[in-house]
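Enquirer: Let me give you the structure first, and then I'll get to my questions.
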Amino acid sequence: MLPSYRLFSLLTILLGLLLVQSCEGQRFCETAYQKFLRQHYDNPKSNVGRNYCNAMMQRRELTKPTCKDVNSFIHEKKQDILDVCTDKGGKAYKDGLRVSLKPFSVTTCKHKGGSTRPPCEYKENKSERYIVIRCNNRNEPVHFDESIIVPEVTSS
């Protein structure tokens, strides 16, 4: 019979493998940064046919169980978005947020109204705008404050 500490070690390893395997492809296991990327990063802009917003909101699982009212996709390099979390590409804004030093290409999808249950219908608005994000302590974006529109960013 195995000594109890060896049995405990073996069970711990097996449990760890089970947990890792159970997280594969599961949204509840994603980090805040991974969730940010899933909800807001699309570069290069996906070619999904005529209705970009309807396709992307469904593809990124933003229509279950109900239709998300507003969501924006950023069409810039991942490194450029990460740089907003540092002085290289962003600066402190307010309430712990950061604003980009340059405008980014963004597509905002807004629910057309009616039922909040799928199928969801969205209207699309493409723009160049400064993005306002919250970053974690690893300088990764974890929240995009889509409601804040910054007309101009000064370098000071």
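Enquirer: If you scan the range 28-45, which residues turn out to be surrounded by 14 or more Cβ atoms within 10 Å (Cβ to Cβ), assigned to a loop (DSSP other than H, G, I, E, B) and polar (S, T, N, Q)?
Expert: N43
Enquirer: Follow-up. Does any residue of the range 65-82 turn out to be in contact (Cβ under 8 Å) with a residue 12 or more places away in the chain, surrounded by 13 or more Cβ atoms within 10 Å (Cβ to Cβ) and over 21 Å from I133 (Cβ atoms)?
Expert: There is at least one residue in the range 65-82 that is in contact (Cβ under 8 Å) with a residue 12 or more places away in the chain, surrounded by 13 or more Cβ atoms within 10 Å (Cβ to Cβ) and over 21 Å from I133 (Cβ atoms).
Enquirer: Out of (1) within 16 Å of Y41 (Cα to Cα); (2) at pLDDT below 95; (3) among the hydrophobic types (A, V, I, L, M, F, W, C), the odd one out for I148 is which?
Expert: Of everything listed in (1) within 16 Å of Y41 (Cα to Cα); (2) at pLDDT below 95; (3) among the hydrophobic types (A, V, I, L, M, F, W, C), I148 misses just condition (1).
Enquirer: Now a separate question. Please find, among V106, V153, V99, the residue that is outside any strand (DSSP E or B), touching a strand residue (DSSP E or B) at 6+ places or on another chain (Cβ under 9 Å) and in contact (Cβ under 8 Å) with a residue 12 or more places away in the chain. So that I can check it myself, show each step before the final result.
Expert: Numbers: V106 fails: outside any strand (DSSP E or B); V99 fails: outside any strand (DSSP E or B).
None of the others qualify; the one that does is V153.
Enquirer: Turning to a different aspect of this structure: Taking K102, is it basic (K, R), closer than 27 Å to T63 by Cα and either assigned by TED's automatic domain parsing to the domain that holds R50 or in contact with a Cys (Cβ under 8 Å, 6 or more places away or on another chain) (or both)?
Expert: Numbers: basic (K, R): yes; closer than 27 Å to T63 by Cα: no; either assigned by TED's automatic domain parsing to the domain that holds R50 or in contact with a Cys (Cβ under 8 Å, 6 or more places away or on another chain) (or both): yes.
Spelling it out, it is not the case that K102 is basic (K, R), closer than 27 Å to T63 by Cα and either assigned by TED's automatic domain parsing to the domain that holds R50 or in contact with a Cys (Cβ under 8 Å, 6 or more places away or on another chain) (or both).
Enquirer: Out of curiosity, is D87 part of a loop (DSSP other than H, G, I, E, B), free of Cβ contacts under 8 Å to residues at least 24 places away in the same chain and under 15 Å from S147 (Cα atoms)? Steps first, answer last, please.
Expert: Working: part of a loop (DSSP other than H, G, I, E, B): yes; free of Cβ contacts under 8 Å to residues at least 24 places away in the same chain: yes; under 15 Å from S147 (Cα atoms): no.
No: the conditions fail for D87.
Enquirer: Under 8 Å between Cβ atoms, at least 6 apart or on separate chains: pull out the pairs that start in the range 120-140 with a residue that is within 14 Å of G89 (Cα to Cα) and at pLDDT below 95 and end on any residue that is hydroxyl-bearing (S, T, Y) and assigned to a strand (DSSP E or B).
Expert: Within 8 Å, no pair qualifies.
Enquirer: A further question follows. Within the range 49-59, track down each residue that is surrounded by 19 or more Cβ atoms within 10 Å (Cβ to Cβ) and within 14 Å of the chain's Cα centre (by Cα). Give the steps one after another, and end with the answer.
Expert: Here is the first cut: in the range 49-59, the ones surrounded by 19 or more Cβ atoms within 10 Å (Cβ to Cβ) are 52-54, 56-57.
Listed by number, the residues that qualify are M56, M57.
Enquirer: Continuing with the same structure: In the range 42-61, which residues are more than 15 Å from E124 (Cα to Cα) and not basic (K, R)? Before the answer, list the steps.
Expert: Residues of the range 42-61 more than 15 Å from E124 (Cα to Cα): 43-44, 59-61.
Once the filter is applied, which keeps residues that are more than 15 Å from E124 (Cα to Cα) and not basic (K, R), the range 42-61 yields N43, P44, E61.
Enquirer: While we're on this one: Of all the residues that make up the range 68-84, how many are farther than 18 Å from Y33 by Cβ and not in a strand (DSSP E or B)? Even if it seems obvious, please write down each step before you answer.
Expert: First, pick out the residues of the range 68-84 that are farther than 18 Å from Y33 by Cβ: 68-70, 75.
Filter once more, so that each one left must be not in a strand (DSSP E or B): 68-69, 75.
Summing the residues that are farther than 18 Å from Y33 by Cβ and not in a strand (DSSP E or B) in the range 68-84 gives 3.
Enquirer: Looking at the range 83-127 only, could you name the residues that are over 18 Å from the mean Cα position of the chain (by Cα), among the aliphatic types (A, V, I, L, M) and surrounded by 14 or more Cβ atoms within 10 Å (Cβ to Cβ)?
Expert: L101
Enquirer: Given the residues R59, R38, which is the only one that is under 18 Å from T116 (Cα atoms) and assigned by TED's automatic domain parsing to the domain that holds R117?
Expert: R59
The values are calculated or read from the model by the stated rules, or taken from the named source; none is laboratory data. A quick note: this is a predicted structure, and the numbers were derived from the prediction, not measured. A quick note on method: Cβ atoms are made from the backbone with ideal geometry, for glycine too, and the neighbour counts reach across all protein chains shown.
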